[in-house]
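Novice: Quick one: structure below, then a few questions.
Readers should treat all values here as calculations from the given coordinates under stated rules, not as data from a laboratory. Nothing here was measured: the structure is a model prediction, and the numbers come from that model. FYI the Cβ positions are ideal-geometry reconstructions off the backbone, even for glycines, and counts take in every protein chain you see.
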Amino acid sequence: MQNKSAKMKEPIKGFSKLSKAAKLEWLVNNNFDNADEAREVMTTYWHSDAELQQRHDEFIENTISNYYMPYGVAPNFKINGKLYTIPMAIEESSVVAAASKSAGFWLERGGFTAEVLSTEKIGHVHFMYEGDATALFEDFDALELDLRTATAELVANMEARGGGISSIKIVDATDRLSNYYQIEVTFETCDSMGANFINSNLEEMAKSLEAFAHNHPKLNGENLEVVMRILSNYTPKCLVRASVSCPIEDLASEGVSSEEFARKFKRAVDIANAEPYRATTHNKGIMNGIDAVIIATGNDFRAVEAACHRHASRSGSYKSLTGCTVENGIFTFWIEIPLALGVVGGLTKLHPLVVRSLEMLGKPNAEELMGIVAVSGLAQNFAALRALVTTGIQKGHMKMHLMNILTQLEATPEEKIHIANHFKDKVPHHREVVNYFCQFRGIPVPKVEK
């Protein structure tokens, strides 16, 4: 059903060429019932520093305003013997608190261990070849030499830093799609995420491949069509593992014995490995911890999400990203995930809070950041499972959400303090908070719409 108050929309041409002020005027006058109110909200979030605002305007296209997210920190993370305060940018209640609680719990038990297993990224030239492509495979040594020669200038600087092209191979993918082949290339990109570097190399390789086919006596260049040249955000060769471990007797938690806690915790992980419905929520919680650090450090959380979820389904069924063992009196909990991250390039020198986030973390290199991010995801999952198998998830989550409810009700600071004290020993379900707020303020309780 159409909203009766919605304005009739007309398409606009040349929007991207308008000034920022003109874009804003068109937006508020054509998309909102109260243009003045909408304009005020949009401009309220502009930076008072014009130079800083311009920098933000240039991050993306058609910028109208800035969208603020809370930026918090989780202290007391001991990782490989070093203490970190981890920056987290996220809008969801209880995520930072849960990470901090896990950090404190494991600080007293030796902390977290993080290990980078591999750091290679992958890109492809996707192409079609109609007819007999045997010569591409038989003469691949010559083709590879051409491909490396074509990219020699591009990779020179990366090689000087210890990176470059690790391997090149040709893949016959005709079992998946008729006439479909790939040039698969693995890259080491050091401290950069490397997307532009990878894609630039693939562009040159595509041209070289086309020339090779046209000049080869056994190939018909007209039969070869390059479709795409692009990196993959699935990085199974760019892996990091983070873990915690302690004797079972050190696990007593929330009134549950150590043995019962370890048993139920492992079963919770087993269920996430057996049931995709549970695994999806289980992994979403992990990504709460991961994405918050990814955003705070100026990395691409969409790419990380895509890679992690693909990794969770690599067996053919969607499973937990974490694992757990309880053996010989020792509890061990770990995560192993693909993370392609960078600490140079992108926003790392442009966004002031990204610069501060990396400084807060001790100016890590890309591998160190991989470990920090993996630990954050593991800590978040530990906190969630610890709550689920003991007191239940809602007790802590709703207490953190209480202030959001009271803000929506426009409670005064004094009312917030009183109501928070009232619910100190209770789970503050939304309806109960509304009822108590109305009772305390002396106003009618709103009726529940059916």
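Novice: Under a 5 Å amide H to amide H cut-off, with H placed in plane at 1.01 Å, what residues pair with Phe331 once short-range neighbours are removed?
Specialist: Sorted by chain and number, the residues that satisfy this are Cys246, Ile248.
Novice: If we sort 288-295, 428-435, 259-266 on the protection proxy, mean other Cβ atoms within 10 Å, highest first, what's the order? Could the numbers behind the result be given before it?
Specialist: Values: 288-295: 26.2, 428-435: 16.0, 259-266: 18.5.
The most tightly packed comes first, giving 288-295, 259-266, 428-435.
Novice: Could you derive backbone 3J(HN,Hα) for region 105-119 from the dihedral phi with the Karplus parameters 6.51, -1.76 and 1.60 (θ = phi - 60°), listing whole Hz in sequence and x where the residue is Gly or Pro?
Specialist: 4, 7, 4, 7, 10, x, x, 9, 10, 10, 9, 7, 8, 6, 9
Novice: Please list, ordered by chain and number, the residues whose modelled amide H lies under 5 Å from the amide H of Asn76; skip anything fewer than 5 residues away on the same chain.
Specialist: Here the answer is Tyr84, since their amide H atoms fall under 5 Å of that of Asn76.
Novice: Now for a separate question. Normalised by the residues of region 121-231, what does the relative contact order come to in percent, with Cα pairs under 8 Å and at least six apart?
Specialist: Numbers: 182 pairs, mean separation 48.8, N = 111.
Relative contact order comes out at 44 percent.
Novice: Compute the Cα gyration tensor for region 121-231, then decide on rounded, prolate or oblate, letting a ≥ b ≥ c be the square roots of its eigenvalues: rounded whenever a/c is under 1.5, prolate when a/b is larger than b/c in the other cases, and oblate in all that remain. Walk me through the numbers on the way to the answer.
Specialist: Values: a/c = 2.33, a/b = 1.75, b/c = 1.33.
In terms of gyration-tensor shape, prolate.
Novice: Express in nm, to one decimal, how much length is gained between Ser245 and Lys9 on full extension, taking 0.36 nm for each residue of separation and deducting their alpha carbon distance.
Specialist: Gain on extension, Ser245 to Lys9, equals 79.1 nm.
Novice: Can you give me the angle between helix 35-44 and the longest principal axis of the chain, using Cα atoms only, in degrees from 0 to 90, rounded to the nearest 10?
Specialist: The angle comes out at about 80 degrees.
Novice: Check which residues have an amide H placed less than 5 Å from Thr63's amide H, if you skip close sequence neighbours.
Specialist: none
Novice: Would you mind calculating the gained length between Met69 and Trp26 on full extension (0.36 nm times residue separation, minus the Cα-Cα distance), in nm to one decimal?
Specialist: Length gained between Met69 and Trp26: 12.9 nm.
Novice: What value, in deg cm²/dmol to 500, does the helix sum -39500 (n - 2.57) over DSSP H runs of n ≥ 4 give at 222 nm once divided by the residues of the chain?
Specialist: -15000 deg cm²/dmol
Novice: For region 70-81, just list the computed ³J(HN,Hα) in residue order, Karplus coefficients 6.51, -1.76 and 1.60, θ = phi - 60°, integers in Hz, with x standing in for Gly and Pro.
Specialist: Listing the rounded values in order: x, 10, x, 9, 10, x, 6, 8, 9, 10, 6, x Hz.
Novice: Report, ordered by chain and residue number, the lysines lying within cross-link reach of Lys424, taken as a straight Cα distance under 20 Å and ignoring same-chain residues fewer than 8 apart.
Specialist: Lys101, Lys395, Lys399, Lys416
Novice: OK, next. From the square roots a ≥ b ≥ c of the eigenvalues of the alpha-carbon gyration tensor of region 1-117, which class results: rounded (a/c under 1.5), prolate (a/b over b/c), or oblate?
Specialist: Working: a/c = 3.31, a/b = 2.47, b/c = 1.34.
Taking the square roots of the gyration eigenvalues as a ≥ b ≥ c, region 1-117 is prolate.
Novice: Can you give me the Cα centroid spacing of region 184-222 and region 49-101 in angstrom?
Specialist: Taking the Cα centre of each part, region 184-222 and region 49-101 sit 37 Å apart.
Novice: Once phi is turned into ³J(HN,Hα) by the Karplus curve 6.51 cos²θ - 1.76 cosθ + 1.60 with θ = phi - 60°, what whole-Hz value does each residue of region 178-194 show in order, with x for glycine and proline?
Specialist: Working through the residues one at a time gives 4, 6, 9, 9, 9, 9, 9, 10, 10, 10, 10, 10, 6, 8, 9, 5, x Hz.
Novice: How high is the relative contact order of the chain, in percent, counting Cα pairs under 8 Å that sit 6 or more residues apart?
Specialist: It rounds to 17 percent for the chain.
Novice: Okay, next question. What does the extension gain come out to for Cys438 and Thr174, with contour length at 0.36 nm per residue minus their alpha carbon separation? List each step's numbers first, then the result.
Specialist: Working: separation 264, 0.36 × 264 = 95.04 nm, distance 6.70 nm.
Contour length minus Cα-Cα distance gives 88.3 nm.
Novice: Here is a further query. Can you give the angle from 0 to 90° between the axis of helix 195-215 and the longest principal axis of the chain, with both taken from C-alpha atoms, to the nearest 10?
Specialist: Approximately 30 degrees, to the nearest 10.
Novice: Another question about this same structure. Can you compute the modelled spin-label distance between Val445 and Lys207, with each label point 7 Å from Cα toward Cβ, in nm?
Specialist: Inter-label distance under the simple model: 7.3 nm.
Novice: Name all residues of region 164-207 having a backbone nitrogen under 16 Å from the label point set 7 Å from the Cα of Leu145 along its Cα→Cβ direction, giving them as ranges.
Specialist: It comes to no residues whatsoever.
Novice: Past 21 Å, Cα to Cα: identify those pairs from Lys121/Lys169; Lys78/Lys349; Lys82/Lys237, in the order given.
Specialist: Lys78/Lys349; Lys82/Lys237
Novice: How far is helix 20-31 tilted, in degrees, relative to the longest principal axis of the Cα atoms in the chain, given as a value from 0 to 90 rounded to the nearest 10?
Specialist: The answer is roughly 60 degrees.
Novice: For labels at Arg314 and Ala97 in the simple 7 Å Cα→Cβ model, what's the distance in nm?
Specialist: Distance between the two pseudo-spin positions: 3.6 nm.
Novice: Moving on to the next point. Report the residue, chosen from Leu361, Leu18, Leu402, that carries the largest GNM mean-square fluctuation when the chain is represented by alpha-carbon nodes joined by springs under 10 Å.
Specialist: Leu18
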